Amino acid sequence: MDWNAGLYDQQHDFVAAYGEHLLALLPDGLGFAVDLGCGTGALTGPLTARAARVVGIDASPDMIAQARLRLPQVEFLVMDACDMPWNGSVDAIFSNAALHWIEDQERLTAAMARVLRPGGLLVCEFGARGNIGRICAAFAAAFQAALAEEGIGAAYLNSERFYFPSADEYAALLVRHGFTVRLAEEYDRPTPLKGGQDGLASWMSQFFAQDMDCVPQAAQEKIFAAVADALRASQWDGGQWIADYRRLRVVAVKH
Ligand SMILES: C[S@@+](CC[C@H](N)C(=O)[O-])C[C@H]1O[C@@H](n2cnc3c(N)ncnc32)[C@H](O)[C@@H]1O
């Protein structure tokens, strides 16, 4: 999946802005903290106030290049979170809006459990069960219709691979991997998208980028228009699009 770091910082910076509340769940005076799926580093900077050593990791070279420009003094690594190398030496893993992108959750959770020291903290927030449910349903319908019209044939929807668990489901996964769960709560977070009328198409072009790879440009525009038509009654408030985000916020301790 390709991330457009420039577009992300201009149009989707609300993602990190919401994550600032999550930082408050971390204690001060940490030794070593990892920002997992750090993106362009918007939250890695504030994280440095809480830990002596902070490393931001992200699978996207584009995002890491932008993060290094933003914060040249901070350590950033292009890395798949499932391959983190620090066995038992990390005091806290912080992660905002990243975990739902990762396909192999068993491997990821095993990796997080492996790198945290006993007593180490996981503080994360990502998509909960039902997250962007209306947008995904409208997108799936418009996508399949456009492919049929183009004669491309049915294609697997990559966006259906997002991991959006319930609080109970995610807590059970963490417990299986040796965590004690202190907090696991789902909540609705209706989220205004920047860009007025174009905001929804701009959001889809980033977040459904993988799906769009197999679709010609003209058909992409048809898909965006069909999704907007389908959602206008419920998600357009007269001045902006409101995405039907649902989040899962978690604090867990490795024992
Ligand atoms: C929506 S962005 C969130 C970025 C940042 N945490 C923020 O709050 O702005 C999701 C990030 O997760 C990263 N990501 C996805 N899969 C990953 C993986 N397997 N390992 C590390 N990072 C990953 C993406 O490259 C992307 O930068």
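For this structure, a couple of remarks:
- The listed residue being within 21 Å of the chain's Cα centre (by Cα) and hydrophobic (A, V, I, L, M, F, W, C), out of 233, 226, 201, 219: 201
- Counting only strands (runs of 3 or more DSSP E) that fall entirely inside segment 67-158 and contain at least 2 residues that are farther than 25 Å from residue 207 by Cβ, at pLDDT 95 or above and touching a Leu at 6+ places or on another chain (Cβ under 8 Å), the qualifying elements are 90-96, 116-127.
- One residue from 193, 147 being more than 22 Å from the chain's Cα centre (by Cα) and open to solvent by less than 50 Å² (accessible area, probe 1.4 Å): 147
Let's see how each residue does on (1) open to solvent by 20 Å² or more (accessible area, probe 1.4 Å); (2) closer than 18 Å to residue 70 by Cα; (3) out of contact with any Lys or Arg (no Cβ under 8 Å at 6 or more places or on another chain):
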residue: 12; (1), (2), (3): no, yes, no
residue: 20; (1), (2), (3): yes, yes, yes
residue: 29; (1), (2), (3): yes, no, no
residue: 51; (1), (2), (3): no, no, yes
residue: 60; (1), (2), (3): no, yes, yes
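- Options 41, 56: the member that is at pLDDT 95 or above, more than 7 Å from the ligand (Cβ to nearest atom), buried (at least 21 other Cβ atoms within 10 Å of the Cβ) and not in a strand (DSSP E or B): 41
- Going through (1) among the charged types (D, E, K, R); (2) over 16 Å from residue 142 (Cβ atoms); (3) crowded, with 19+ Cβ neighbours inside 10 Å one by one, residue 176 falls short only on (3).
- First in segment 15-36 and at pLDDT 95 or above and of a type in the set (Gly, Ala, Ser), second anywhere and surrounded by 12 or more Cβ atoms within 10 Å (Cβ to Cβ) and in a helix (DSSP H, G or I), Cβ under 7 Å, 6 or more apart: 33/47
- Within segment 1-10, restricting attention to residues that are in a helix (DSSP H, G or I) and not aliphatic (A, V, I, L, M), the residue that is most open to solvent (accessible area, probe 1.4 Å) is 10.
- Across segment 228-255, the qualifying residues are those that are β-branched (Val, Ile, Thr) and in contact with a Leu (Cβ under 7 Å, 6 or more places away or on another chain), and the one among them that is farthest from residue 60 (Cα to Cα) is 253.
- Residues being within 18 Å of residue 89 (Cβ to Cβ) and within 15 Å of the ligand (Cβ to nearest atom) - total across segment 115-156: 3
- Residue 47 meets all of the listed conditions (1) within 9 Å of the ligand (Cβ to nearest atom); (2) free of Cβ contacts under 8 Å to residues at least 60 places away in the same chain; (3) of a type outside the set (Phe, Trp, Tyr) but one, namely (1).
For every residue, the table says whether it meets (1) closer than 27 Å to residue 179 by Cβ; (2) near the ligand (Cβ under 8 Å from one of its atoms).
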{"residue": "4", "(1), (2)": "no, no"}
{"residue": "13", "(1), (2)": "no, yes"}
{"residue": "30", "(1), (2)": "yes, no"}
{"residue": "37", "(1), (2)": "yes, yes"}
{"residue": "60", "(1), (2)": "yes, yes"}
{"residue": "65", "(1), (2)": "no, no"}
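- Count of segment 207-220 residues, restricted to those that are within 19 Å of residue 136 (Cβ to Cβ) and either open to solvent by 60 Å² or more (accessible area, probe 1.4 Å) or in a loop (DSSP other than H, G, I, E, B) (or both), is 5.
- Any chance residue 75 is more than 10 Å from the ligand (Cβ to nearest atom) and under 19 Å from residue 127 (Cβ atoms): no
- Condition met for residue 106 (more than 10 Å from the ligand (Cβ to nearest atom), surrounded by fewer than 21 Cβ atoms within 10 Å (Cβ to Cβ) and within 18 Å of the chain's Cα centre (by Cα)): yes
- Taken over segment 210-247, the criterion of being of a type in the set (A, V, I, L, M) and more than 20 Å from residue 161 (Cα to Cα) is satisfied by 218, 219, 225, 226, 228, 230, 231, 233, 242.
The values are calculated or read from the model by the stated rules, or taken from the named source; none is laboratory data. What you are looking at is a predicted structure, and each value in this text was computed from that prediction instead of being measured. Glycine also receives a Cβ, built like all others from the backbone with ideal geometry; neighbour counts cover every protein chain displayed. Surface areas here come from the heavy atoms of the whole protein model, side chains and all, with no ligands, DNA or RNA. Shrake-Rupley method; radii C 1.70, N 1.55, O 1.52, S 1.80 Å.
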